[in-house]
Amino acid sequence: GDLWTLSANAPAWHEVEGAGPRLAEALGLAPSDLRLEPGGARPLWVDTGSNQLVVPLASVEAVQRAHPRSELLERFRSPGGRRFAYLFAEAGDGDVVARFLFEADGAMREDPATGSACANLGGWYLATGAAPPLVRRVLQGDRIRRPSTLLLSVDAGGQVRVGGEVAWLGRGEIT
């Protein structure tokens, strides 16, 4: 059918320098909006195929309210030189509300469904001590009126999988 699932690479992660008030300011948030638990929930660079900044927030409201400032995200560029952040908060009952914000053409934009970032969220759970197996329903795109649902699972062996329904936007053939 239209349900596709990808199996991600094994995750790698590393700490984010300056992940306190400076990161909150870059995201247009208060420091209390970040989840900062040494050795536990905290922002991390996670890579299951695309290195991304994964930022846990204290509430769904904070996820919705975030308004990143591109010039301040300069301090938090990826190793590949890109400015972006995957923000999320637990919403209860296995649901997660997320936003993937990225810079394009000098402005911050938002992706309605980001499989690579969702896979990195699975890696984030492993990095912060969540015991697999785990399953999450990741809700993304509501703020830009393009709601999507991604299904995240991490099995007992640590294999991260992301699935969701897909819609063909176009087809073509190049010769």
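The values are calculated or read from the model by the stated rules, or taken from the named source; none is laboratory data. The shown structure was predicted, so the numbers you read here are calculated from the model rather than taken from an experiment. For neighbour counting, all protein chains shown are included, and Cβ atoms are generated from backbone atoms with ideal geometry for every residue, glycine included. Note: areas computed on protein heavy atoms with side chains; ligands, DNA, RNA excluded. Shrake-Rupley method; radii C 1.70, N 1.55, O 1.52, S 1.80 Å.
The table below lists the values:
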{"item": "Residue match in the range 139-153 (condition: surrounded by 14 or more Cβ atoms within 10 Å (Cβ to Cβ), in a loop (DSSP other than H, G, I, E, B) and touching a Gly at 6+ places or on another chain (Cβ under 7 Å))", "result": "no"}
{"item": "Scope the range 27-44; condition assigned to a helix (DSSP H, G or I) and either touching a helix residue (DSSP H, G or I) at 6+ places or on another chain (Cβ under 7 Å) or charged (D, E, K, R) (or both); matching residues", "result": "PRO31, ASP33"}
{"item": "Selection status of ALA119, closer than 12 Å to LEU150 by Cβ, of a type in the set (A, V, I, L, M, F, W, C), outside any strand (DSSP E or B) and open to solvent by less than 10 Å² (accessible area, probe 1.4 Å)", "result": "yes"}
{"item": "Among the residues listed as GLY39, GLY20, the single one being surrounded by fewer than 23 Cβ atoms within 10 Å (Cβ to Cβ) and at positive phi", "result": "GLY39"}
{"item": "Answer residue from the range 91-103, given it is touching a residue at least 24 places away in the same chain (Cβ under 8 Å) and not small (Gly, Ala, Ser) and is most open to solvent (accessible area, probe 1.4 Å) among those", "result": "GLU103"}
{"item": "Residue pairs meeting the criteria (Cβ under 9 Å; at least 6 apart or on separate chains; first more than 20 Å from CYS118 (Cβ to Cβ), in the range 5-20; second modelled with pLDDT of 95 or more and open to solvent by 30 Å² or more (accessible area, probe 1.4 Å))", "result": "GLU15/ARG42; ALA19/ARG42; GLY20/PRO31"}
{"item": "One residue from GLY94, GLY80, GLY49 being under 16 Å from LEU150 (Cα atoms), of a type outside the set (A, V, I, L, M, F, W, C) and over 10 Å from the mean Cα position of the chain (by Cα)", "result": "GLY94"}
{"item": "Filtered residue count, the range 38-60, keeping only those that are touching a residue at least 24 places away in the same chain (Cβ under 8 Å) and either acidic (Asp, Glu) or more than 17 Å from ASN120 (Cα to Cα) (or both)", "result": "5"}
{"item": "Set GLU37, GLU17: member being acidic (Asp, Glu) and within 22 Å of VAL160 (Cβ to Cβ)", "result": "GLU37"}
{"item": "Any hit, the range 3-15, residues being open to solvent by 40 Å² or more (accessible area, probe 1.4 Å) and among the aromatic types (Phe, Trp, Tyr)", "result": "yes"}
{"item": "Those residues of the range 61-82 which are without any contact (Cβ under 8 Å) to a residue 24 or more places away in the chain, of a type in the set (D, E, K, R) and assigned to a loop (DSSP other than H, G, I, E, B), in sequence order", "result": "ARG77, ARG82"}
{"item": "Filtered residue count, the range 15-58, keeping only those that are of a type in the set (Ser, Thr, Tyr) and at pLDDT 95 or above", "result": "2"}
{"item": "Residue in the range 117-152 that is nearest to VAL63 (Cα to Cα), counting only those that are touching a strand residue (DSSP E or B) at 6+ places or on another chain (Cβ under 7 Å) and among the small types (Gly, Ala, Ser)", "result": "GLY141"}
{"item": "Lone unmet requirement of (1) over 21 Å from VAL135 (Cβ atoms); (2) open to solvent by 20 Å² or more (accessible area, probe 1.4 Å) for LEU53", "result": "(2)"}
